[in-house]
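Shown next, in structure tokens, is the structure this report addresses.
Here, each number is a calculation from the coordinates, and none is a lab measurement. This structure is a prediction, so every number in the text was calculated from the model and none was measured. Here the Cβ positions follow ideal geometry from the backbone for every residue, glycine too, while neighbour counts run over all protein chains shown.
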Amino acid sequence: MQRDSLEPKLEIAQRALDTALQEACGVDVRKANTGEMIRIEETLEIATNAAKEVVSVRLKRRSRRAQGDSSGGS
């Protein structure tokens, strides 16, 4: 079976999301100073963008599979 051409992009986005969430969730917000809170905010923005990319790639893959199923059965 041929490897999906979107797989590398998906793996990168998932890794970025995982890393950002681990970094943001590893902070005790009760003890974080303002600078640390800004860093958390920036990290969560990275996580947001990575999550959007994961969703986008998954939807593209689903669309390609659906097109392949509908054109392959004729």
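Relative to the longest principal Cα axis of the chain, at what angle does helix 7-25 sit, 0 to 90 degrees, rounded to 10? Once rounded, the angle reads 20 degrees.
Give me the net charge of L10's neighbourhood, meaning all other residues with Cβ under 11 Å from the Cβ of L10; Lys, Arg count +1, Asp, Glu -1. Combined, the nearby Lys, Arg, Asp and Glu give +1.
With +1 on each Lys and Arg Cβ and -1 on each Asp and Glu Cβ, how big is the dipole of the range 7-68 about its Cα centre, in debye rounded to the nearest 20?
Numbers: 12 positive and 10 negative charges, 120 e Å.
For the range 7-68, the charge dipole is close to 580 debye.
Relative contact order of the chain: 44 percent, from C-alpha pairs under 8 Å at least 6 residues apart in sequence.
Under a Gaussian network description of the chain, with springs only between Cα atoms under 10 Å, the residue in A20, A50, A32 that fluctuates furthest is A32. Farthest towards the positive end of the charge dipole of the range 7-68, among the residues L59, A24, A13, is the Cα of L59, using unit charges on the Cβ of Lys, Arg, Asp and Glu.
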